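The values are calculated or read from the model by the stated rules, or taken from the named source; none is laboratory data. Model, not experiment: these values are computed from the prediction. Cβ sites come from the backbone with ideal geometry, for glycine too, and all protein chains shown count toward neighbours.
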Amino acid sequence: MTAARAAVKAAEDSRKAECESRGKYCRAREVTEPDQKGSVAQFMLACLPRAHGQDVVLASIYRRYVRWCDEQVPAVAPEDAAAFGESFRELSDKVRVGVEKRGGRVFVRDVRLVA
């Protein structure tokens, strides 16, 4: 299983657990609430493949995420930057994508950003 697919599965499992804790069952990909937020895990799968030796600034990843959310049909609302950062770091830890701070900027290691 690729790292991105593992991230999507982790996000889906998290959503399912959240629904079950409220006494409801839903499948993460089938939720169609009008104010549904863009899935950080699905974004990672679609736009952030592994690329050994390449680093990307997290702010650039967030800007691409916002654009990705707008490109969805129908468009979905992006997480705000703080929520995105938290979700991204949690998923990165699960799939062992390196995140480090250098010179006041946060870099994500060994990935490339798909345009």
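The residues on offer are 97, 106, and the sole one that is in contact (Cβ under 8 Å) with a residue 60 or more places away in the chain and either assigned to a loop (DSSP other than H, G, I, E, B) or not basic (Lys, Arg) (or both) is 97.
Surrounded by fewer than 19 Cβ atoms within 10 Å (Cβ to Cβ), within 15 Å of the chain's Cα centre (by Cα) and on the phi < 0 side of the Ramachandran plot: which single residue out of 89, 96, 102 fits that description?
Working: 96 fails: on the phi < 0 side of the Ramachandran plot; 102 fails: within 15 Å of the chain's Cα centre (by Cα).
Every option except 89 fails the conditions.
Listed by first and then second residue, the pairs linking a residue in segment 49-69 that is crowded, with 18+ Cβ neighbours inside 10 Å to a residue that is among the polar types (S, T, N, Q), with Cβ atoms under 8 Å apart and 6 or more places separating them unless they lie on different chains, form an empty list. Among residues of segment 70-86 being more than 13 Å from residue 39 (Cα to Cα) and within 14 Å of the chain's Cα centre (by Cα), the one that is surrounded by the fewest Cβ atoms within 10 Å (Cβ to Cβ) is 82.
For residue 42, indicate whether it is of a type in the set (S, T, N, Q) and modelled with pLDDT of 80 or more. Talk me through it step by step, then tell me what you get.
Numbers: of a type in the set (S, T, N, Q): yes; modelled with pLDDT of 80 or more: yes.
Against the criterion (of a type in the set (S, T, N, Q) and modelled with pLDDT of 80 or more), residue 42 qualifies.
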